[in-house]
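Any read-out appearing in this document is the output of simple, stated calculations on the displayed coordinates, not a laboratory observation. In this text the structure is predicted, and so the values were computed from the model without any measurement. Heads up, the Cβs are rebuilt from the backbone with ideal geometry, glycines too, and the neighbour counts pull from every protein chain shown.
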Amino acid sequence: MPHAVSDLRAARLARSAKPFLARGGFKRERCAGCRLAPSHCMCALRPSLTTRAGVCLLMADIEPLKPSNTGWLVADVVPDTFAFGWTRTEVDPALLNLLGDPQWQPYVVFPGQYAAPERVVRAVELPDSLRGAAARRPLFIFLDATWTEARKMFRRSPYLDQLPVLSLEPGQVSQYKLRHSGRDDHLCTSEVAALCMNLAGEHLVERTLQAYLAVFTHHYLRAKNQQPIEWEGAAHQRLREVIGTPEGPGRHRPAAATG
Ligand SMILES: [Zn+2]
């Protein structure tokens, strides 16, 4: 089923005069559901969760087109994922409506050193800590872009200026092997989302995002290197342990499997 990021990708492709060829990617046919080669499709592994927290992706122009973009994975896992293309001069009214919707408490996820100190928070309000009807659902806003673009987006989006800035200190090195930012502490969007879900007390979603990213990485690299999927490998086993998804097409879980 299409989601916010796949819709944004389709809209962006429709505006392109020339077909987009992913640099370093494979130029074979891709599954519309997961962007992988059909032989390495992982659509059957898409989790089905309910979450209290939501995610809003503000995506730089070509970000939805990159096969390695992990905002797509967030949209697979978190049902309330919204995605908007970012431009300096225009803002989608639907984005403003979302930010003004009283059911949500938006947080701009960004390093605190770039924001005025009074905006910076390091924790998310949890329902247990609030009394009565005041418990709004956290909405994590990610600037999905290169680091240079993200800083520009942060500076030039006045509709974000009044929102709290959630500053993360992950203290962990990215395991993500597909993209290299040159910063050791750089996390991909899906990893940042996992950390935010941890802060929101959504631990099943956090673990699912981590396990699903590992499965995607496996499928992506295997497709790139034209190697078969290891359906019984560590990444798939971990995802099954977390959410108990069905196996890949035509596969059966061994009777002796535990977990
Ligand atoms: Zn697929």
> Given H placed 1.01 Å from N in the peptide plane, which residues other than close sequence neighbours of Ala135 have an amide H under 5 Å from its amide H?
Replying inline: none
> Once you put a point 7 Å from the Cα of Arg52 and another 7 Å from the Cα of Ser39, both along the Cβ direction, what distance in nm separates them?
Replying inline: 4.6
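Could you sort the peptides 146-157, 38-49, 187-198 by per-residue average Cβ neighbour count (10 Å cutoff), highest mean leading?
Top to bottom by mean Cβ count within 10 Å: 187-198, 38-49, 146-157.
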>> Which order do the peptides 72-78, 217-223, 87-93 come out in when sorted by mean C-beta neighbours inside 10 angstrom, highest first?
In response: 72-78, 217-223, 87-93
